[in-house]
Amino acid sequence: MAHLRSRRRLALAVPVVLSLTASLGFLPAAASAAPAAPTATATAEQAADAPVLSYVVNTKADHRTVAKVKRAIAAADGEIVIAYEKIGVIVVRSANGDFAETLRAVPGVQSAGATRTAPLAPAGTTDAGSAEYLTAADAAKLKAASAKTPGSEPLEADQWDLRAIGANKAAKINPGSRNVTVAVIDTGVDDTHPDLAPNFSKSQSANCFGGAPDTTPGSWRPYTADDYHGTHVAGEIAAARNGVGVAGVAPGVKVSAINVTDPDNGLFYAEAVVCAFVFAADHGVEITNNSYYVDPWMYNCMDDPDQRAIVDAVNRAQLYAQRKGTLHFASAGNSNHDLASDAIDDASSPNDTTPVPRTIDPSECFDAPTQLPGVVTISATGSDNLKSYYSSYGNRVIDVAAPGGDGRYQLPDTPSKNGRILSTMPNGEYAWLQGTSMASPHAAGVAALLKSKHPWLPPAALQALLKAQANNPGCPASYDQDGDGTQDATCEGGRQVNGFYGHGIVDALRAVK
């Protein structure tokens, strides 16, 4: 179901032997024999000196090959966390500094690499940044304004984003089906929030940190109140219309949580994301929302064996989910990067140790899962239906756009005059946030409405219908947001498809009509 819209979209095929890397001529040659086991002395020295890292080993997806590779992993002093044999991905931990290089020489291994540059650390708390929380005074003002519109939720007067895509009107026609679930692959979701509890699916939720699913009750919740990102995203998708707080784009569908963050640093590592896609597919999830990129590399370059292994593993997992009927949505990023350009400066990777500034070619270095085949890539808009100042973009890379907020240049005529997105937070609270992280769940919510009306549509057809119903404002005549006389981004393309909006801004009202 993967389809290629341009050379900027990664060309990987099932069962993913990295056909792109083969065509570019840097797929490693297979070795003729399995490596010999390290000596006891060498193993002891490595254990004393080397940090424990997490790895993904990607193999041919057949039982005999996987069994041979498992033996080679043990011989190379690796500890298997979990083996996803149906997609040929094995998650491993090892203190052997030569582990990845050793495994790459094993027959049947197609790629292998570390998923991080920092050693595994004990669990701790994380600081996910700041948000603008709703105060009691704000709430009172919003409730008074919302009361003027019959049928509105108490805080809905400030939800300009719902009105921008017709979601407020769509809810009166069809709020979505409880047979449709959107999984929030993120920092966890507080399912006790009164706006989320009515639509939360515990049976489709888990914690995937480390690479293996934990379905212990509550494991899917955020580690601390600072891990609010996933709860905010969940509210944008499916906050219930129950007379409490805000409303989601699809207030009648179910939402689940798959927590994939490292409790020590809040990062999203490949082994957890692989686990999440497989878990979602195996538990009947129709749509996933992915408002992140796989750490520690903002862009994974295919000429680096570790980064290539990350892309390979994540792509196998997301394609497996697509084959089982799951459509994925992913945010384009908040760096105002042109993902269709010839070069991008990346000064943030790796983000779990010391970043090393580099210039990458986005046709060879990929944002995962955003640029993987079949994944719907979302840019962000503000209340004026203009690309948000921070949103990354790219002609034939962006699929559709959706409200993500713009608190700098696009201020709505709402009680708060806040250009960001108001949604749910842990512990029953509410706050405004902005980002392509907020745009992706709006698009996922509209897709959930479409899936509710057309339950038999496979992922590719669902994506095509979403694009066909989108409204494209076309490239703006000027995009000088700060008024300094210089264009802040260049939109390429026409009214049908362009770099700012893809096929257009999603439309919830059309989805239900």
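The values are calculated or read from the model by the stated rules, or taken from the named source; none is laboratory data. All of these numbers come straight from a predicted model, not from anything done at the bench. A quick note on method: Cβ atoms are made from the backbone with ideal geometry, for glycine too, and the neighbour counts reach across all protein chains shown. Accessible surface areas use protein heavy atoms only, side chains included; no ligands, DNA or RNA. Shrake-Rupley method; radii C 1.70, N 1.55, O 1.52, S 1.80 Å.
So the values come out like this:
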quantity: Top-ranked residue of the stretch 484-498 - restricted to ones that are part of a loop (DSSP other than H, G, I, E, B) and of a type in the set (Gly, Ala, Ser), ranked as least open to solvent (accessible area, probe 1.4 Å); calculated: ALA489
quantity: Total residues in the stretch 67-87, condition open to solvent by less than 20 Å² (accessible area, probe 1.4 Å), more than 19 Å from GLY210 (Cβ to Cβ) and part of a loop (DSSP other than H, G, I, E, B); calculated: 1
quantity: Hits in the stretch 394-413 - residues which are more than 30 Å from THR224 (Cβ to Cβ) and over 16 Å from the mean Cα position of the chain (by Cα); calculated: GLY394, ASN395, ARG396, TYR409, GLN410, LEU411, PRO412, ASP413
quantity: Enumerated strands (runs of 3 or more DSSP E) restricted to the stretch 304-373, each holding at least 2 residues that are open to solvent by 10 Å² or more (accessible area, probe 1.4 Å) and not β-branched (Val, Ile, Thr); calculated: none
quantity: Positions within the stretch 382-393 being within 18 Å of the chain's Cα centre (by Cα) and surrounded by 24 or more Cβ atoms within 10 Å (Cβ to Cβ), in sequence order; calculated: SER391, SER392, TYR393
quantity: Subset of the stretch 263-278 that is open to solvent by 10 Å² or more (accessible area, probe 1.4 Å) and touching a residue at least 40 places away in the same chain (Cβ under 8 Å) - its residue that is farthest from GLU236 (Cα to Cα); calculated: ASP264
quantity: Flag for GLY266 being modelled with pLDDT of 95 or more and over 13 Å from the mean Cα position of the chain (by Cα); calculated: no
quantity: Subset of the stretch 427-461 [closer than 23 Å to VAL189 by Cα, open to solvent by 10 Å² or more (accessible area, probe 1.4 Å) and either modelled with pLDDT under 95 or not hydroxyl-bearing (Ser, Thr, Tyr) (or both)]; calculated: ASN427, GLY428, GLU429, LEU433, GLN434, LYS451
quantity: Failed item in (1) farther than 21 Å from VAL446 by Cβ; (2) touching a Ser or Thr at 6+ places or on another chain (Cβ under 7 Å); (3) outside any loop (DSSP other than H, G, I, E, B), with ILE378 passing the rest; calculated: (1)
quantity: Selection within the stretch 368-390 - in contact with a strand residue (DSSP E or B) (Cβ under 8 Å, 6 or more places away or on another chain) and either free of Cβ contacts under 8 Å to residues at least 60 places away in the same chain or of a type in the set (Asp, Glu) (or both); calculated: ALA380, GLY382, SER388, TYR390
quantity: Residue that is open to solvent by 40 Å² or more (accessible area, probe 1.4 Å), farther than 30 Å from ALA225 by Cα, part of a helix (DSSP H, G or I) and free of Cβ contacts under 8 Å to residues at least 24 places away in the same chain, where the choices are ALA464, ALA468; calculated: ALA464
quantity: Test: residue in the stretch 229-252 that is under 21 Å from ASP352 (Cβ atoms), of a type in the set (D, E, K, R) and part of a loop (DSSP other than H, G, I, E, B); calculated: no
quantity: Residues of the stretch 413-426 classified as open to solvent by 10 Å² or more (accessible area, probe 1.4 Å) and within 18 Å of ALA144 (Cα to Cα), total; calculated: 5
quantity: Subset of the stretch 228-240 [touching a strand residue (DSSP E or B) at 6+ places or on another chain (Cβ under 8 Å) and either over 18 Å from ALA276 (Cα atoms) or surrounded by fewer than 24 Cβ atoms within 10 Å (Cβ to Cβ) (or both)]; calculated: TYR228, HIS232, GLY235, GLU236, ILE237, ALA238, ALA239
quantity: Identity of the residue in the stretch 285-303, more than 12 Å from the chain's Cα centre (by Cα) and among the hydrophobic types (A, V, I, L, M, F, W, C), that ends up surrounded by the fewest Cβ atoms within 10 Å (Cβ to Cβ); calculated: CYS301
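Residue-wise test of (1) open to solvent by 60 Å² or more (accessible area, probe 1.4 Å); (2) aliphatic (A, V, I, L, M); (3) part of a strand (DSSP E or B).
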residue	(1), (2), (3)
LYS141	yes, no, no
ALA145	no, yes, no
SER152	no, no, no
ARG163	yes, no, no
ASP190	no, no, no
HIS193	no, no, no
GLY210	no, no, no
GLY218	no, no, no
